[in-house]
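Report on the following structure.
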Amino acid sequence: EHYRLAAVRFPKNAEVAIGLSRTLEALGQPGHARVALQDFVHTNPDASAEVWSWLGILQDEAKDYAAAELSHKEAVRLKDNSDAVHNNYGYNLLLQGRYSEAVREFRHALDVNPGSSLARNNLATALAGEQGDAALTELRATADPATAHSNLAAILIERGDLEAARNQAEAALRYQKDHPAALTNLHLIAELQGGQVNLSADGTPVSPTHRFFRSMGDVLFGSRDEPKSKQMSASQSVGGSQ
């Protein structure tokens, strides 16, 4: 209610609009959250790239990808020098399966901020389908080899390419021992393929053709985060910070 009162008193304040929207979403009212931002951009279309970006994220979550694309384009129009808005636009294109266009936006984000691990991981995801070597190169730029292979395995699992994912998980486990993320990926692949992972006497996973070694690392993006975890939320991008 305080945000509603603030929005009435300060109708051109983008931070208030975002605060109201995020609070509505936290209360389980994503539809009202989108409406709050739509009302704001209708009367203040040039006020804030962050509002457009946050609106695009909410529309992505609602699977209204066409509307979200327009919102992300507006964010880019207003703040072309922001890695966050280019990353968000790229993720929208990724959700639509438009991989080459998504790659373009993620690369633009990295041109602006080469240190953005978020954009680099998303770039690897966009590249994974047709350019596995390029995806691995991007992942290895910010992670050790074992973690890079494990992360690529996680991407391929989401894509449904289980054999390629198994190869990447095996590669991760050959680099280092006791890699929990790679082991998690391997077990998940086995479950999805209707099989199981055989263990040797010392507890090391063994396939018919390989003895697997284990190492440390995290499954990419953890446990299937929501899109805005892979995107940069509008509030996080204020001031250009990650």
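The values are calculated or read from the model by the stated rules, or taken from the named source; none is laboratory data. Just so you know, these numbers come straight off a predicted model, no measurement behind them. Virtual Cβ from ideal backbone geometry, glycine too; neighbours counted across all protein chains shown. We work out accessible area using only protein heavy atoms, side chains counted, and drop any ligands, DNA or RNA first. Shrake-Rupley method; radii C 1.70, N 1.55, O 1.52, S 1.80 Å.
Structure notes:
- Residue check, Asp60 over 17 Å from Ile155 (Cβ atoms) and open to solvent by 10 Å² or more (accessible area, probe 1.4 Å): no
- Annotation: of all residues in region 3-57 being part of a helix (DSSP H, G or I) and hydroxyl-bearing (Ser, Thr, Tyr), the one that is surrounded by the most Cβ atoms within 10 Å (Cβ to Cβ) is Ser53.
Every residue, every condition in (1) at pLDDT below 85; (2) among the polar types (S, T, N, Q); (3) out of contact with any Pro (no Cβ under 7 Å at 6 or more places or on another chain); (4) within 30 Å of Ala75 (Cα to Cα), yes or no:
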position	(1), (2), (3), (4)
Ala102	no, no, yes, yes
Val112	no, no, yes, yes
Leu118	no, no, yes, yes
Gly132	yes, no, yes, no
Ala135	yes, no, yes, yes
Arg159	yes, no, yes, yes
Ala169	no, no, yes, no
Thr184	no, yes, yes, no
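- Those residues of region 81-99 which are more than 13 Å from the chain's Cα centre (by Cα), open to solvent by 20 Å² or more (accessible area, probe 1.4 Å) and either under 13 Å from Trp52 (Cα atoms) or touching a residue at least 12 places away in the same chain (Cβ under 8 Å) (or both), in sequence order: Asn81, Gln96, Tyr99
- Filtered residues of region 170-182 (kept if within 12 Å of His149 (Cα to Cα) and either in a helix (DSSP H, G or I) or among the hydroxyl-bearing types (Ser, Thr, Tyr) (or both)): Glu170, Ala171, Ala172, Leu173, Arg174, Tyr175, Ala181, Ala182
- Only residues that are without any contact (Cβ under 8 Å) to a residue 40 or more places away in the chain and out of contact with any Ser or Thr (no Cβ under 8 Å at 6 or more places or on another chain) were counted across region 140-151, and they come to 5.
- Among the residues of region 116-123, none qualifies, meaning not one is more than 20 Å from Leu156 (Cα to Cα) and without any contact (Cβ under 8 Å) to a residue 24 or more places away in the chain.
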